[in-house]
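Contents: one structure, followed by commentary.
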Amino acid sequence: MALCGLVIPAIIACSADSDCSPDADCLISESQNPESLQPQIDSSAAVGNRQYTVDDINHVIVVTGQSNVEAPLTAFDPALDYPDSRVFAFTDSGWKVADLHQVWDENAHPGNHSLTNPNQSPNNNFVFHFGKSLANTDPDAVPAFIVLAAPGKGIANWDFESPFYLKMRNKISNALAQLPNKDTIDVMLWHQGESDSQYEGTSDPDATEFTDVDSYEYTNYYALKLRNVIQNFRSESWAQPELPFICGETRVSFRVNRRLIELNDDNDPNTACVYTTDLPYRLSDPSGAHFSAAGLRELGQRYMDAYLSIINR
């Protein structure tokens, strides 16, 4: 099922009259429309003036991958990146309403230390916008995130029972233990592959489990590892055998994207991949590997569209 084709709305690219400099994020023309900079009221948060709590959480989303999960050095716009009281994140202090000023992961990203440094603007994050999009689309949804990133790591970092895998298992278990009405996760979002830049073999210096570059295991390295990741997480007590698993292409067209997109045609209705290579990148990163804030906002929407396509089919 080609879910990717469902989630490609038009993107406004940087132009000569847009506010993009080598050190600035590429945003979608907010500066050209003064009205768009006015504070927006989030209707989903304001319905009945209800105060949501962890008792109400009904979608638990695990997100993992490389640096685009943390999205360092991206811009923050208070008119576009305000919190929604129905969207929660698991933090060092437990479950909190998701706010980009928080420190969600590793005492650093995506909060960028802005929680403790009021002069520091936070980084942006596609996870945050997935949650807002889901809350705005479904009036009954109360999403909550568990975020674990491993910047610069190849897919072998997620090997079953590896130190990082155990760290994920522990964090997910701890997060679920603090939810009164949920004991399983609902979907896993995977944004990884930049360190495995070839679809045949891998460029990851820590790659595991092959010795012969002509072997099937080498030439299909990433595809085999990705399937193992999916199976391993589905085997956990806090998951389910048909756990939805959604990945996204890397922003630059590394050949690994071919392996990620294969999930759309793998005869598994609960896997999907979203297209991302058309999304704007952060201009301070000339490699183009990292999304801009505008790209992250749209990326969150695309992941959310794919998620709804799976659970509502």
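Table for the structure above
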quantity	calculated
Residues (touching a helix residue (DSSP H, G or I) at 6+ places or on another chain (Cβ under 8 Å), acidic (Asp, Glu) and under 28 Å from Asn220 (Cβ atoms)) located in the stretch 152-195	Asp159, Glu194
Checking Ala207 against (1) on the phi < 0 side of the Ramachandran plot; (2) of a type outside the set (D, E, K, R); (3) in contact with a Cys (Cβ under 9 Å, 6 or more places away or on another chain), the condition it does not meet	(3)
Residue within the stretch 21-41 that is within 22 Å of the chain's Cα centre (by Cα) and at pLDDT 80 or above present	no
Index of the failed condition, Arg251 passing every other in (1) modelled with pLDDT under 95; (2) among the basic types (Lys, Arg); (3) under 30 Å from Thr184 (Cβ atoms); (4) under 15 Å from the mean Cα position of the chain (by Cα)	(3)
Qualifying position, being without any contact (Cβ under 8 Å) to a residue 40 or more places away in the chain and surrounded by fewer than 17 Cβ atoms within 10 Å (Cβ to Cβ), among Arg227, Arg258, Arg234	Arg234
Leading residue by the ranking (farthest from Gly152 (Cα to Cα)) among those in the stretch 272-291 that are within 15 Å of the chain's Cα centre (by Cα) and not in a loop (DSSP other than H, G, I, E, B)	Ala272
Test: residue in the stretch 287-300 that is surrounded by fewer than 17 Cβ atoms within 10 Å (Cβ to Cβ) and of a type outside the set (Phe, Trp, Tyr)	yes
Scan of the stretch 221-260 for residues that are hydrophobic (A, V, I, L, M, F, W, C) and under 14 Å from Ser197 (Cβ atoms), ordered by number	Val252, Phe254, Val256, Leu260
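The values are calculated or read from the model by the stated rules, or taken from the named source; none is laboratory data. These numbers were taken from a predicted model, which means no experiment stands behind them. Neighbour counts run over all protein chains shown; Cβ positions are idealised from the backbone, glycine included.
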